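S.K.: First, the structure itself, so that you have it in front of you.
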Amino acid sequence: MAEFYCINIKIGILLLSLLCTCSCSISQDIINRQYVRSLLEQPEVLQRDPDIDYNITDIIRQKGYPCEEHKVTTEDGYILGVFRIPYGKNGSATQRLGRPVLLQHGLLDSATTWVMNFPAQSLGFILADQGYDVWLGNMRGNYYSRHHVKWNPDRDEEFWDFSYDEMAKFDLPNMIQYILSKTNYTQLAYVGHSQGTMIAFAEFGRNMDLNKNVSFYAALAPVAEVGHIKSPIRHLADLSKDIEKYWHLLFGRNEFLPSSAIVKWLAVFACTKVVVDRLMCENILFILCGPDSHYMNHTRVPVYIAHEPDGTSVKNMIHFAQGVQDKQFQAYDYGSPDKNELHYNQTTPPVYTITNMKIPTALFWSGEDWLADPEDVSYIFANIQSLVYEKYIPDYNHLDFVWAINANDYIYKDLINIMKEFHPPN
């Protein structure tokens, strides 16, 4: 009976693919705006928060903080949007700026996540008020990093030929070097959430030169191995052993744009509890990360929906799904020994290691995290050699680490206190 059920699920998913293939060439910006407009016109959204219509620079400036926009061009030609809050509300453009801190978002997210709540609740604002020079990164392919020196994301399949492998190899070190060159410091602190921790573990574990440029690393909802995740992405990972084939059939080869039918199917697995906001269960980010939260300001949900998800490649999602199947923290598997040999000079994907990482690291993790399951986090604890602090929050979900109304009390105060030991603001 169970086997029959699984077969029917697979058939259903394949049929649903017909609904998504027509949208695969449409830009994420258009899809997001149409989707948000339809959601926010619902009767329950009675008062329109101005942050719904602002971009990240507007959000930062409207809260009374300075903001600069920078462009970082990677070695392989991607142009990344990086935003800077050089000082806090009580600071001045004439003062000596504090030491730099780079904040890096998670999967399907953007730099906006660090300033989405009010100043006393958003880590980007809190760090600026503590005297740090705050930099907000964006990975290739999201809303603020949809440019390339050669390829157009709306026309060229080559633009989307990346996963978190390339984010770790190119985006992360190129952003760090850019920030250090602009600030004239030799080191910065790094704070990652979700995928932002995954690329850090991958690159910090192999790039010893980059280790010298990072004095402190805070990992929020840390991700490396993902074999035990509870996210509905598991149901897409279990479709077939040939993940690449099925995912390309479902979602194409470019930007990850799940059809509304697939979103509704996944919502069956995510939104079964009573205490769930309907808007969350119509948004792929909340479906994959977990919509149920005791600590989210539900009056801000329309703002979150307006800015999320912010895009990534189908290949990146396949890479996550491979990790679910293989239960390995490793590079992208091209599906055959010959193809892997072509990319890596070996027949299997290289396995990432974090044991070589020398950066003082603080881990903040939880028991109710769908994407950073405690069993997977145990792999990090078993292998990390540079741990200086860890904190467990039993009932946080994956998004609470950046959006919870009490994150300052539960996480950020501790994070800043330990950061100041290794990377004081001045």
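S.K.: Among the residues of the stretch 241-260, what is the count of those that are touching a Leu at 6+ places or on another chain (Cβ under 9 Å) and at pLDDT 85 or above?
M.R.: 8
S.K.: Please go through the stretch 157-191 and give me each residue that is small (Gly, Ala, Ser) and touching a strand residue (DSSP E or B) at 6+ places or on another chain (Cβ under 8 Å), ordered by number.
M.R.: Scanning the stretch 157-191 gives 163, 189.
S.K.: Return the total of residues in the stretch 374-402 being of a type in the set (Asp, Glu) and surrounded by 22 or more Cβ atoms within 10 Å (Cβ to Cβ).
M.R.: Summing the residues that are of a type in the set (Asp, Glu) and surrounded by 22 or more Cβ atoms within 10 Å (Cβ to Cβ) in the stretch 374-402 gives 2.
S.K.: Every residue in the stretch 236-273 that is more than 23 Å from residue 339 (Cα to Cα), part of a helix (DSSP H, G or I) and open to solvent by 70 Å² or more (accessible area, probe 1.4 Å), please.
M.R.: 260, 264, 268
S.K.: Looking at 56, 52, 79 in this structure, which one is surrounded by fewer than 22 Cβ atoms within 10 Å (Cβ to Cβ), of a type in the set (A, V, I, L, M) and closer than 22 Å to residue 404 by Cα?
M.R.: One residue alone meets the criteria, 52.
S.K.: Here is a follow-up. Can you pull out every residue in the stretch 384-399 that is out of contact with any Gly (no Cβ under 9 Å at 6 or more places or on another chain) and either within 30 Å of residue 96 (Cβ to Cβ) or in contact (Cβ under 8 Å) with a residue 40 or more places away in the chain (or both)?
M.R.: Hits for the stretch 384-399 are 386, 388, 389.
S.K.: Further question on the same structure: Would it be correct to say that residue 286 is open to solvent by 40 Å² or more (accessible area, probe 1.4 Å) and either in a helix (DSSP H, G or I) or of a type in the set (Asp, Glu) (or both)?
M.R.: no
S.K.: Please specify each residue of the stretch 328-342 satisfying the condition of being over 20 Å from the mean Cα position of the chain (by Cα) and under 15 Å from residue 243 (Cα atoms).
M.R.: 333, 334, 335, 336
S.K.: Go through the stretch 297-308 and count every residue that is in contact (Cβ under 8 Å) with a residue 24 or more places away in the chain and either part of a strand (DSSP E or B) or touching an Asp or Glu at 6+ places or on another chain (Cβ under 7 Å) (or both).
M.R.: 4
S.K.: Which one of 163, 145, 122, 181 is touching a His at 6+ places or on another chain (Cβ under 7 Å) and either under 28 Å from residue 66 (Cβ atoms) or modelled with pLDDT of 95 or more (or both)?
M.R.: Being touching a His at 6+ places or on another chain (Cβ under 7 Å) and either under 28 Å from residue 66 (Cβ atoms) or modelled with pLDDT of 95 or more (or both) holds for just one of 163, 145, 122, 181, which is 163.
S.K.: For the stretch 376-389, state whether one or more residues are closer than 17 Å to residue 192 by Cα, at pLDDT 95 or above, touching a strand residue (DSSP E or B) at 6+ places or on another chain (Cβ under 9 Å) and assigned to a loop (DSSP other than H, G, I, E, B).
M.R.: Yes, the stretch 376-389 has at least one match.
S.K.: Of the residues in the stretch 146-185, how many are closer than 21 Å to residue 100 by Cα and open to solvent by less than 10 Å² (accessible area, probe 1.4 Å)?
M.R.: Number of matching residues: 7.
S.K.: Let me ask something else about it. If residue 340 satisfies every condition in (1) at pLDDT 90 or above; (2) open to solvent by 10 Å² or more (accessible area, probe 1.4 Å); (3) not in a loop (DSSP other than H, G, I, E, B) but one, which is the exception?
M.R.: Checking residue 340 against (1) at pLDDT 90 or above; (2) open to solvent by 10 Å² or more (accessible area, probe 1.4 Å); (3) not in a loop (DSSP other than H, G, I, E, B), the one that fails is (2).
The values are calculated or read from the model by the stated rules, or taken from the named source; none is laboratory data. Given the structure is predicted, the values throughout are model-derived calculations rather than measurements. Cβ sites come from the backbone with ideal geometry, for glycine too, and all protein chains shown count toward neighbours. The accessibility values were calculated without ligands, DNA or RNA, using every heavy atom of the protein model including side chains. Shrake-Rupley method; radii C 1.70, N 1.55, O 1.52, S 1.80 Å.
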